[in-house]
Structures are given as structure tokens and as C-alpha cells.
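Notes for the one structure printed next.
Nothing in this text is a laboratory measurement; each read-out follows from the coordinates by a stated rule. It should be emphasised that the depicted structure is a prediction, and the values quoted were computed from it without experimental measurement. Counting neighbours? That spans all protein chains shown, and the Cβs are built from the backbone with ideal geometry, glycine included.
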Amino acid sequence: MNRRTFLKNCALSAGAMTIGGCSVAKIADAENPQKRSRPNIVYILADDLGYGDVSCLNKNSKIHTPNIDQLAKKGMIFTDAHSGSAVCTPTRYGILTGRYCWRSRLKSGVTWGYSPHLIENGRMTVASMLNPYGYHSACIGKWHLGLDWQKQPDDPGQVDFTKPVKHGPTTNGFDYNFIIPASLDMDPYVYVENDRVTAVPNRTIDAEKGKRFWRKGPIGADFKHIEVLPKLTEKAVSYIDQRAKDKETSPFFLYFPVPAPHTPILPTKEFQGKSNTNEYGDFVLQVDWTVGQVMKALERNGIEKDTLVIFTSDNGCSPMADFEELAQFNHDPSYVFRGHKADIFEGGHRVPFITRWPSRIQAGSVCEDTICLTDLMATAAEITGYTLPDNAAEDSVSMLPNLLGTATKPLREATVHHSVNGSFSIRQGQWKLELCPGSGGWSEPRPGNKKHEELPAVQLYDLGKDIGETTNIQDKHPDVVKQLTALLQDYIDRGRSTPWAPQKNNGKVKIHP
């Protein structure tokens, strides 16, 4: 499938038409965005949800996602949206800071349940930026950006769960938080509310395998894995209800990173068998239900028109979903894209991205411009009228013109991608340059495999003709390889990929890991 066919299918699925980059249908007051009031912002981040798992993005999807589809029907679909990384922690860092995570100390992989905080002291986040503008901010869900656990005084090797954690959401600008420390398959298995564990671990739970995978570790008295998604959904809905009680209250920013459909894949009873695929498909339906609960809360409280809702995923679908089993149902979570979670290929980082803002966004519209999840901060800044300082949001580009349908050209100069092993890729227009042999992730061939060692360390794909990245044409376009390599190196050397003053490059970054 080429890019033209791919975009046609997306438009057919959405029931909308695009002209140029984004829908150009007239939007109320779009010609004077400074007159608008500050909207509430709800950011729902799924965990390991594939592009092809959303039925409005994939007409061949065997999983029907009615609530997400309804969100798209009333809002805007982005067909070329990308996470900052092909795995979760670095993407989350980028969402909240507007900065590629490879500029931090984390050059590959992810943090763990006991890892120290990743967001640097004093670094601006979306929450801390919005605070002076009267926003009340909440983080409800999977944090996975490191926490500073306090230790037992008589045993420094053991965590004292009775003491508050440090350098979590509160330190980073959030007024309220109810989180799990990391992925649902990483211990400790506890809830943390406003920096304190809600129930001290009272036992150790054994490891599980397969789709129900989690690691052995301490677990809180109030913690059951299968109850986590419903519990977090309840907390998010309750937060919306509370903030909406007083119509004159300040606007709010709800960052809602759900822990599903990541492992452990645990759909509750009412969703088991409902997708007519496997347990993963059922769990996707439960994520769709969560989206529906949030939308109902906004509508029930009469605040949906003045709320910007963003629904997306932190990376592509994980192999734990069992691609071979899903193929028996003719379902592919990666849609037409090569690879999956962890990979430098499109399947690793091209993600669903759907927005709704009834008073501003044209219903049923589609945008094909390239965007990145790091773009939240610059977008929120433009919405509020805030001028970002030079030392913040170094890789964030406002997509507000895309949302309002006023963009006349692509807003990003280029977009950098990163795989789990620290491999780089850079995308500009139709061209995508990948600076690693193989996937840079979990797809075959892998490092150590003889075939892998024989692969070229430079890959160039023309996504306009080859959306599936099947034909490496780096030898035919040395000028493009040279140009994109130089641009990536410039982004590294300047400490940012956006204009304004160069920043210090934190830590040595190598193009070829």
C-alpha cells in the first residue's frame, strides 16, 4: 500500500475529506484565536495500543471501538502522528516536557518501578506551565517517569512505604495525583495518591506469564491488577465531576495515562470474549469503554464544548498481544505499517491521535500533517498565549493551526524517532532515514543474528511510495541521506529541533548507538 491509498482509506474510515494538510472547513472564530477562552484539556494516553486497533483508523479492524470512533466523528483524526519513542518512558517524558527523551540521561530502554526521577529538577512541564494561567492539573494513571522512594533507616536497601515519595507528579506541577509507579507488570504494585502510598504492601505476589504477565514483587493491600483500569477510570471521572461542580472554577488539565492494553492483559468479566478476537482485543474494548466514560462525564457536566480532548497511545502495539493469534482473526494491530512496539519502523511509533474540541475543531475532519507527542506543550502554550522560554519545550511545535484548520503548510521541519535500543531515525516529508541495521527493537533480525550483522546500517525509505518500508533506497539517494544525517546532527548539537537559542546538549548523544 502506498501513501495515497493509505490516506484514502483513512479518509474513508473517518467519513471526512482533506485538502492539503488538514481539513479546511470553516471553524467558528478560527480567524481570531486570541479571543477564545482557555479550554479544559483532557489528555488520554493509551499504553501499547496499535494504530490498527482503532476501527475509525482501520476499516479492516476486527476490533470495533465505538467510543473512540465517536470521538473522531465529532473531532479530528491525525493520520501521521508519532510518539517520541517506540517505548513508554521516553514518550511520557516528551509529552510532559516537550523535549525528546534522548536529551535526558535515558538514552535507551525505560525506567523501572524503583528508578529515581527522570524529569530534571526545575524543568518546565505542561502542568507547571499551565499553573500560572489558573489551571488545576491532575495526573491519574501510569506515571513511569521514576520516583524517589525513601529508604528504611535501619536497612537502606529497603523502601519505607510509609514515607512520601519525592519528585513525582507533585514536584512537576500537578495539583492532584493518583498513580501507579510504572507499568502494571512492574513492582511495587501500589497506588500512590498525592505522594503517599494508599496501602502499604502486606504481601508478595508471584510472577505471572503469558498475556497475564507481571513480575514478582510487593503488593499493596488494596491492589488487584484486574481492578486497576476500572479504578483509574473511576478516579478520572470523579476528578472531572469535582472540577465541573463550580461553573466559575478555573480550567483544568487532566493527564490520564491509562495502563492498558499493556500487559498484564486483564479484561474484566464484562469485556471477556466481547471482541471476538483474543484477550488483547477484549482489553482494547475496555480501553474504549474508559474513553467513553470520560466523554460521558464531560457531556454530563455540560463542559464538552470548552474541553480539548486528545486521545493517543505511547507507542505501537506490543508483541505480547500475540500478532500471530490475532492474524487468525484477520486483525493486524500495526495496520499497514512495518514492525511494532520498540522498533524504529512505523509500527513502533506511528500512533492513533484523535482530538475533539467542539467550539474550535471541525467535526469529522482529518489532518495528514506529521505531528509528534512532544507537541503538547507548545500547543498548550499557544492556546493560553504563553511565550515559552528558550530552556523549555525544545522539541515541541504547536499544532494549534492544525486543530483550527488554519495551517497552510506543514508545521514541523522534521521529526526524530527513537527505538528501544537507542537507534535514531529522522523523518522529513516523504523521506525517512533510519540509522541502524534492522529494527533497532524487537522485530527480527536482532543484534547477534548473523543476518542482522549483514544488513546495512543506513536505511532510507520513501514513505510516499512505500508506506510499509519494504525497499531500502539509501544507495540511490546519497544526497537525501547526507542532508537528513546533517539535520539530525544539527538537532543534537543545538540541543533543540525548534528555532530560538541553542541549548546545552545534556550528555553525549551518538547517532549510531
Return a yes/no flag: does segment 349-364 have any residue that is more than 25 Å from residue 295 (Cβ to Cβ) and not in a loop (DSSP other than H, G, I, E, B).
yes
Is at least one residue of segment 224-234 over 25 Å from residue 91 (Cα atoms) and among the polar types (S, T, N, Q)?
no
Does residue 282 fit the bill of being free of Cβ contacts under 8 Å to residues at least 40 places away in the same chain and in contact with a Gly (Cβ under 8 Å, 6 or more places away or on another chain)?
yes
Residue 228 vs (1) over 15 Å from residue 138 (Cα atoms); (2) surrounded by fewer than 21 Cβ atoms within 10 Å (Cβ to Cβ); (3) β-branched (Val, Ile, Thr): all pass except (2)
Scanning segment 327-350 residue by residue, the ones that are of a type in the set (A, V, I, L, M, F, W, C) and surrounded by fewer than 24 Cβ atoms within 10 Å (Cβ to Cβ) total 3
Within segment 215-244, track down each residue that is without any contact (Cβ under 8 Å) to a residue 24 or more places away in the chain and either touching a Lys or Arg at 6+ places or on another chain (Cβ under 9 Å) or assigned to a loop (DSSP other than H, G, I, E, B) (or both).
221, 224
What strands (runs of 3 or more DSSP E) completely inside segment 112-190 contain at least 3 residues that are free of Cβ contacts under 8 Å to residues at least 24 places away in the same chain and crowded, with 20+ Cβ neighbours inside 10 Å?
none
Please pick out the residue among 282, 332 that is among the charged types (D, E, K, R), over 23 Å from residue 89 (Cβ atoms) and part of a helix (DSSP H, G or I).
282
If a residue has to be part of a loop (DSSP other than H, G, I, E, B) and either touching a Gly at 6+ places or on another chain (Cβ under 6 Å) or of a type in the set (D, E, K, R) (or both) to count, how many in segment 245-269 make the cut?
6
